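What follows is a single structure, written as structure tokens, with notes after it.
The values are calculated or read from the model by the stated rules, or taken from the named source; none is laboratory data. No experiment lies behind these values; they were computed from the predicted model shown. Please note: Cβ atoms are built from the backbone with ideal geometry, for glycine as well, and neighbour counts cover all protein chains shown. Only protein heavy atoms, including side chains, enter the accessible area calculation; ligands, DNA and RNA are left aside. Shrake-Rupley method; radii C 1.70, N 1.55, O 1.52, S 1.80 Å.
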Amino acid sequence: MNALKKYIVTFSLFLLIFAQTFSVYLNDVSQDGVTVTWFTEEPSNSYLIVYDGSNESIFSEQEVTLHRFRVSGLQPGMSYAYTVKSEKEGKVIYRKGGILTTAPLNGTPFSFAAYGDSRSNKSVHLEVAQAIADENVPLVIHTGDIVYGDDLIEEWISFFEVAEVLSDCVFYSAIGNHESEALNYTRFFAFPGNKRYYSFWYGDVFFVCLNTNEAFDKYSQQHAWLLTQLEEAKEKNPAFVIVYFHHPPYSYGTHGDHIYLKQHLVPVFENYKVDLVLNGHDHGYQRIERNGVTYIVTAGGGAPLYEIGSGDGLTASAKAHHYMLFNYTLDGLFVYAKTATGLILDSFYISRRD
């Protein structure tokens, strides 16, 4: 870890005191680093070591309850064991080990998972999360409605208890309507950019996360940002462009279509030939094909399931708790909708862009 650069970000506790310690989790991965975060009930110091042969460590003596380090200088596509620890007055408050994996180089196959609407049923969420963990994917995307309410600390406690099984995965999420203003969301998660909407590369694939809780019309800052991101990505010739956000433009579930999304975002997706759009909100699974774009509603992470009707472009659907598995093979993307018991609800293949 000779070239390791270390950045420390620390926070004081907010809103309420947590009743327990939360497991470590990973956000904002790049080819040379990742952000590591954990919580402790008591304010305590922060210690992290990444085992890459150098025996270097990162330490902050500042006593906080939310502990966060940005680690860089690592090698692309490599997995590293690491340990975090917090102490107070010589007493170990928290210690945890894990594996972190940096983003792959271009021209490298990889797998990732996606799911959404994990709120309201911890036991089902745990079943889905454990099934994702068993896939051994390095990257997990959540399509929003992580919790029932952003200001409900007990809901966040429940989420992070379940998310411990995903602690070796890098986690990204969109803001759902139940996260609302997302005050705790933006403090908990170290996503890139302004955290509310952002983009990142993972190998050959370009991901864009939007926030449909705030303005996205053609006069908005978010819309202008989206156009810039897609234009710049086009110059780098991605294998796939995947956009994810909470509210679906098209849906045959209880909530139905969202007219403003169809008016302001769908033309952008079609113009820039976005390959996949991942959404949540209408609890269940749907695959809808419209004008060359594949829309997936993956909202089966634990919330109560909705009935799904039929209609134009609806290729597959299921009233089922589930997750999505994506296998990128350089030539294309194999996609599966799976239940926690391994039942495949749907599968399809998308060829790589020309």
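What is the stretch 276-349's relative contact order, in percent, from Cα pairs under 8 angstrom and six or more apart in sequence? Intermediate results must be reported in sequence, preceding the final value.
Numbers: 161 pairs, mean separation 18.3, N = 74.
Dividing the mean separation by the residue count of the stretch 276-349 yields 25 percent.
At a 1.4 Å probe radius, carbon and sulfur cover how many percent of the accessible area of the stretch 30-91? Don't jump to the answer; show the numbers that get you there.
Working: 1090 of 2570 Å².
Here it works out to 42 percent.
In a fully extended conformation the segment linking A81 and Y219 would gain 45.1 nm over its present Cα-Cα distance, using 0.36 nm per residue. Potential lengthening of the chain between E89 and D257 amounts to 54.9 nm, from the contour at 0.36 nm per residue minus the alpha-carbon distance.
Computed 3J(HN,Hα) for the stretch 288-294, one whole-Hz value per residue from the Karplus formula 6.51 cos²θ - 1.76 cosθ + 1.60 where θ = phi - 60°, is 10, 9, 9, 6, x, 10, 9, glycine and proline marked x. Counting only DSSP H runs of at least 4 residues, each contributing -39500 (n - 2.57), and dividing by the residue count of the chain, the helix-based mean residue ellipticity at 222 nm comes to -4500 deg cm²/dmol. What whole-number value in Å² describes the accessible area per residue of the chain for a 1.4 Å probe? Per residue, the chain has an accessible area of 40 Å². Once Lys and Arg get +1 and Asp and Glu get -1 on their Cβ, which of L74, A337, H246 lies farthest toward the positive end of the dipole of the chain? Toward the positive end, the furthest listed residue is L74.
Coupling constants for the stretch 313-327 follow from the phi torsions by the Karplus curve (6.51 cos²θ - 1.76 cosθ + 1.60, θ = phi - 60°), and in residue order they are x, 6, 8, 7, 7, 7, 8, 7, 6, 6, 9, 10, 10, 10, 10 Hz; glycine and proline get x.
Computing the accessible area with a 1.4 Å probe over protein heavy atoms, can you report the carbon and sulfur percentage for the stretch 147-243? Could the numbers behind the result be given before it?
Details: 1740 of 3610 Å².
Of all accessible area on the stretch 147-243, carbon and sulfur atoms account for 48 percent.
Using unit Cβ charges (K, R positive; D, E negative) and no other charged atoms, how large, in debye to the nearest 20, is the dipole of the chain about its Cα centre? It works out to roughly 460 debye.
The heavy atoms of Y47 offer some 70 square angstrom of accessible surface to a 1.4 angstrom probe. Residue separation of Y349 and K319 scaled by 0.36 nm, minus their Cα-Cα distance, works out to 8.6 nm of gained length.
Given R₀ = 30 Å, what would the calculated FRET efficiency be for E307 paired with K122, taking r from the Cβ atoms and rounding to 0.05? Plugging the Cβ-Cβ distance into 1/(1 + (r/R0)^6) gives 0.80. The GluC sites (Glu not before Pro) of the stretch 195-276 that meet both conditions, a loop assignment by DSSP and at most 16 other Cβ atoms within 10 Å of the site Cβ, are E214, E235.
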